[in-house]
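Encoded as structure tokens, here's the structure I'll be asking about.
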């Protein structure tokens, strides 16, 4: 199959939407849903035609793009990128379904969303640094409009904050890219992997990449765009932001940072591990004292990405597999969390934890799903998050026993804030203020159930997804081992 | 005998008239006309240079036609903006058009 | 039969799925499904136990749940499987038996509750998780099910989520256990890092060859944190008394007989790890002994019938842990078995009483013996068994523990154990004389419960009487085996009775009952005056040594305070830095903007002048 079709589907979807007059709201929604379903079907198809027994890139295609600078439009997929593609298409499709009750400028909303998704697919599939960088910008920029126009709360501030942070990060990545190009005169990732780089060069480049992509992950102390950005964005966009955009950073850092510059990565690994601990623990504490439900969830996302950082820092097969698995698991879980918060907000018109309470009486389904998501977030066995966190801890413990132990402590802090919030929102005596509220309807359940099934399914049978990621991670680690010896 | 310098002088005069009109006129249409003056002055230059310097080739003419094409597009766009501004806000004076200003 | 082991946990899981998916709306059907599937597990467990008695060999089967490879070599394998040996067989029997009885009992107890089906679904899920934990063959699987039983405990304590106290208690239970599980998780990851496997059998081989005691010491203590949390050892005990906010049958099943015993079971299962370092064993023994005494003293003054039983459970768990710590796995497990029967009996009896009186304060009861004879007399049997009166179950197991304590030269723990035996008898009979006998103090209209509730009481009462006999010399002479030879660690221990210890502990228990009778039945000594006399000690005990208050303070000041500090850093320092940069750029823009007048023609003039200047300069 042709990988560019995966990037073209959302773009063609966006073009189709342009042609539909904006007054036909339901036609727009149905078209969007069909396009999303098509994307999901195509990525699932890709999963099945993908040869899981062979390591390395598959379905590689190369279209000359700027031949005079030896830059080609190269696409390819391995286990790592395939897992991320699956994550993206799942969240994209469920995000469309979650936006079903959306009323305001629906057409433009979906167009921007589709452009964003095309960018995300592009990042995960491209095998050329420049192409990847351009897709990264395509994925980042529409979000500014999406938060600014359709957001809530202090949306202007959040949108600008988000854009400035991410563009600053991009600047660092751009510098690194130009330095690499000047050194090698190629940006083809497969070609770059065959070259050797001096240790000082690797250290500088990796630091630049760490800052550049670290902003997206986000890395403490460059994380402050996340709470505001997540909280101001409309539900489907929060889902994509926490579920997919944050993963771009981790993916690029594994693929380019660790994959190409293992010496640099090894040099900065203690720093990453320390920051990972700060991310896990510090942000978990911050999440504990938030008053706004969406801020709790947003902060928990940063905290969970700390585990990913911990997995990156340890740089062995188990920990990196765990890190990528955590990106998948957290993506699904965060999307579910934001979808639920959105549904609650839509009904109660408040996100203040103190105002809510006793909602389980009126909304038992919401309570059940929220509790399940919370349990997944605190790493309860049965959910994929547990598997990924366990792998990260096992992998990281070998390299950084003390730091890993402190990071594991975050599991406890997470339990504290998740259960506190669940209790404050759902438990307690019946609150007559919410008596008129309807529980989540059958139609609204569809996207939520899809996400829960993915989360639980891979939690109970983790092998298909984890081995897929393992297959993608292993060549990177072998390469790292090989280059480390040089 | 009319030589190259005559053409250049005419073109320069035209250009200066255009500049004067762009800088001083209040009416947006007059400003647009000034821009047209300037573009045509350049066209004259191009054609004249072509004729006197390299008569065998037609580079200057081609360039001039390009400029005419671009100028046509630009004028239609400019007029459209001015027209819609006039329709919506009754504005033709260029210093009153400050909707997008800080 | 062993190949059907996997069915034992699977049956309750199927019941859970059926209830959630199909019978949720049909309340009675849910109960029938849960009970009958649990009964199926019970029959399987019995037949496997019988087979184990005939040929006690260990069978282990597993699948590779997840395998990670690096360069075509396996670097991590997570197994799911079962290990069926006498220990697991005994534990399976206890869990399925108590679960079945509790399910039967709950049909009557939970009648009319809105969440009837939800309740039976949770219990089925719990039974599944608990059995999965019991038959686990490796630490990873143990951890998985360990967390799942914790989840079920959370769900069931908070079953009446609309009661703030219940919601608080469930959260407290989960989080307290999480602190302990943190140690457990680090411990098993450390075990894997050092020994390269999670499997019990493989680990016991490598550990016995391992020389580095420091590593074993650290890992042993870390892993032991898990059992400390689940079995509510001091200082993790705080969640168990609060867990009594859940329905009473839950207290019987989860918080007395099975889940809290999981900690004991895990120590027994991974015994080689703890037994390989003496200092770990000493820590285990003293934590157990301290918890036993600590909880027993608190139980002396409590007024809530379930809290008294909860502290009694804590105390008895401490007893079992002490037995394991001094080096006798069999006596600890034996006490676990007998305790499961009589403590479940006591809780179910208490449930029956609460069901009749609609109150939990023992001082609002009284005069129940005429109105509900079955409940009262089975309750008395349970109390006698708990106090260790000859020849009931508790006598044999408690005696066994005291004997091994003395045999392994833990004189202090022996005295402590005897003291706890006295205190146990005292607080149990204080409860009985106040709550069951005497006058009806609140004018309640109690009546005997229905047969679904009394039948489990009778079965458990019979078991409480006879269960101890399986570890007596007579039983050994008769059948050629006993509990401790069946369930041996290293070498089989043939049961013997040390008459001096037996007499001493019986005397302690008897005097406890006597004191309770004098104070609360004859009222020769006024309890109130005693409380007045030792006011400080009394308040200290009534407030449970203020541990909850200390933890609450630590949480509010410590953790929340830290959260506020970090939040401040986030909002003021980091945001200040970045927003400050933005503000700087903005304000410089405000200043520079003055150059931009916005007059288009002025721009054009500047433009043309500049071009003209450049042209002239270029031409020149």
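Across the range A:405-443, what is the total count of residues that are crowded, with 21+ Cβ neighbours inside 10 Å, more than 8 Å from chain C (Cβ to nearest Cβ) and either closer than 22 Å to residue A:386 by Cβ or under 25 Å from the mean Cα position of the chain (by Cα) (or both)?
7
Still on this model: Among the residues of the range B:55-102, which ones are outside any helix (DSSP H, G or I), within 14 Å of chain C (Cβ to nearest Cβ) and either surrounded by 14 or more Cβ atoms within 10 Å (Cβ to Cβ) or free of Cβ contacts under 8 Å to residues at least 40 places away in the same chain (or both)?
B:91, B:92, B:97, B:98, B:99, B:100, B:101, B:102
Right, another one. Taking residue A:391, is it in contact with a strand residue (DSSP E or B) (Cβ under 9 Å, 6 or more places away or on another chain) and more than 7 Å from chain C (Cβ to nearest Cβ)?
When the stated conditions are applied, residue A:391 passes them.
State whether one or more residues within the range A:305-325 are away from chain C (no Cβ under 14 Å), at pLDDT 90 or above, farther than 28 Å from residue C:193 by Cα and buried (at least 24 other Cβ atoms within 10 Å of the Cβ).
No: zero hits.
I need the full set of residues from the range A:110-169 which are under 14 Å from residue A:233 (Cα atoms), within 14 Å of chain C (Cβ to nearest Cβ) and more than 16 Å from the chain's Cα centre (by Cα), in order please.
A:154, A:156, A:157, A:158, A:159, A:160, A:161, A:163
For the range B:22-42, which residues satisfy the criterion of being away from every other protein chain (no Cβ under 11 Å), part of a helix (DSSP H, G or I) and touching a residue at least 60 places away in the same chain (Cβ under 8 Å)?
Scanning the range B:22-42 gives a single hit, B:29.
In the range A:453-471, which residues are within 13 Å of chain C (Cβ to nearest Cβ) and under 25 Å from residue A:98 (Cβ atoms)?
A:456, A:458, A:459, A:460, A:465
Okay, next question. Inside the range C:400-413, can you point out the residues that are crowded, with 24+ Cβ neighbours inside 10 Å and within 28 Å of residue C:541 (Cβ to Cβ)?
Scanning the range C:400-413 gives C:401, C:402, C:405, C:413.
Just one of the numbered conditions (1) away from chain A (no Cβ under 14 Å); (2) at pLDDT below 90; (3) touching a strand residue (DSSP E or B) at 6+ places or on another chain (Cβ under 7 Å) is not true of residue C:82; which one?
(2)
Within the range A:161-176, can one find any residue that is buried (at least 18 other Cβ atoms within 10 Å of the Cβ) and within 23 Å of residue A:61 (Cβ to Cβ)?
No; the residues of the range A:161-176 include none that is buried (at least 18 other Cβ atoms within 10 Å of the Cβ) and within 23 Å of residue A:61 (Cβ to Cβ).
Return the residue satisfying two criteria in turn: it lies in the range C:457-495 and is part of a loop (DSSP other than H, G, I, E, B) and touching a residue at least 24 places away in the same chain (Cβ under 8 Å), and of such residues it is surrounded by the most Cβ atoms within 10 Å (Cβ to Cβ).
Going through the qualifying residues, I end up with C:487.
Please find, among C:272, C:282, the residue that is at pLDDT 90 or above, surrounded by fewer than 24 Cβ atoms within 10 Å (Cβ to Cβ) and either in the same structural domain as residue C:409 (by TED's automatic domain parsing) or under 14 Å from residue C:315 (Cβ atoms) (or both).
C:282
Given the conditions (1) more than 14 Å from chain C (Cβ to nearest Cβ); (2) modelled with pLDDT of 90 or more, which single one is not true for residue B:17?
Answer for residue B:17: the failing condition is (1).
Where residues in the range C:381-391 are closer than 15 Å to residue C:513 by Cα and over 25 Å from the mean Cα position of the chain (by Cα), which of them is surrounded by the most Cβ atoms within 10 Å (Cβ to Cβ)?
Among those that are closer than 15 Å to residue C:513 by Cα and over 25 Å from the mean Cα position of the chain (by Cα), it is C:389.
Further question: Does residue A:289 meet the test of being within 30 Å of residue A:425 (Cα to Cα), at the interface with chain C (Cβ under 10 Å from one of its Cβ atoms), free of Cβ contacts under 8 Å to residues at least 24 places away in the same chain and surrounded by fewer than 24 Cβ atoms within 10 Å (Cβ to Cβ)?
Answer is yes for this residue.
Checking residue A:401 against (1) more than 16 Å from residue C:150 (Cβ to Cβ); (2) within 9 Å of chain C (Cβ to nearest Cβ); (3) surrounded by fewer than 21 Cβ atoms within 10 Å (Cβ to Cβ); (4) in contact (Cβ under 8 Å) with a residue 24 or more places away in the chain, which single condition isn't satisfied?
Every listed condition holds for residue A:401 apart from (4).
Another one. Looking at the range C:180-196, which of its residues are under 17 Å from residue A:402 (Cβ atoms), under 19 Å from the mean Cα position of the chain (by Cα) and within 9 Å of another protein chain (Cβ to nearest Cβ)?
Across the range C:180-196, the qualifying residues are C:182, C:185.
If residue A:447 passes every condition in (1) away from chain C (no Cβ under 13 Å); (2) under 30 Å from residue C:68 (Cβ atoms); (3) crowded, with 24+ Cβ neighbours inside 10 Å but one, which one does it miss?
Of (1) away from chain C (no Cβ under 13 Å); (2) under 30 Å from residue C:68 (Cβ atoms); (3) crowded, with 24+ Cβ neighbours inside 10 Å, only one is false for residue A:447: (2).
Of all residues in the range C:151-162, which are assigned to a loop (DSSP other than H, G, I, E, B) and at the interface with chain A (Cβ under 8 Å from one of its Cβ atoms)?
C:158, C:161, C:162
Run residue C:549 past the list (1) closer than 30 Å to residue C:98 by Cα; (2) at pLDDT 85 or above; (3) loosely packed, with under 14 Cβ neighbours inside 10 Å and report the number of the one that doesn't hold.
(1)
If residue C:174 passes every condition in (1) within 14 Å of chain A (Cβ to nearest Cβ); (2) not in a helix (DSSP H, G or I) but one, which one does it miss?
(2)
Hey, can you tell me all the residues within the range C:560-606 that are away from chain A (no Cβ under 14 Å) and modelled with pLDDT of 90 or more?
Matches in the range C:560-606: C:587, C:588.
A further question follows. Can you name the number of the only condition in (1) surrounded by fewer than 24 Cβ atoms within 10 Å (Cβ to Cβ); (2) at the interface with chain A (Cβ under 10 Å from one of its Cβ atoms) that residue C:117 fails?
(2)
Here's the yes/no breakdown for (1) part of a helix (DSSP H, G or I); (2) closer than 19 Å to residue C:392 by Cβ:
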site: C:274; (1), (2): yes, no
site: C:291; (1), (2): yes, no
site: C:315; (1), (2): yes, yes
site: C:348; (1), (2): yes, yes
site: C:352; (1), (2): yes, no
site: C:355; (1), (2): yes, no
site: C:359; (1), (2): no, no
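The values are calculated or read from the model by the stated rules, or taken from the named source; none is laboratory data. None of the values given here were measured: they were computed from a predicted structure. Glycine gets a Cβ as well: all are built from the backbone with ideal geometry, and neighbour counts include every protein chain shown.
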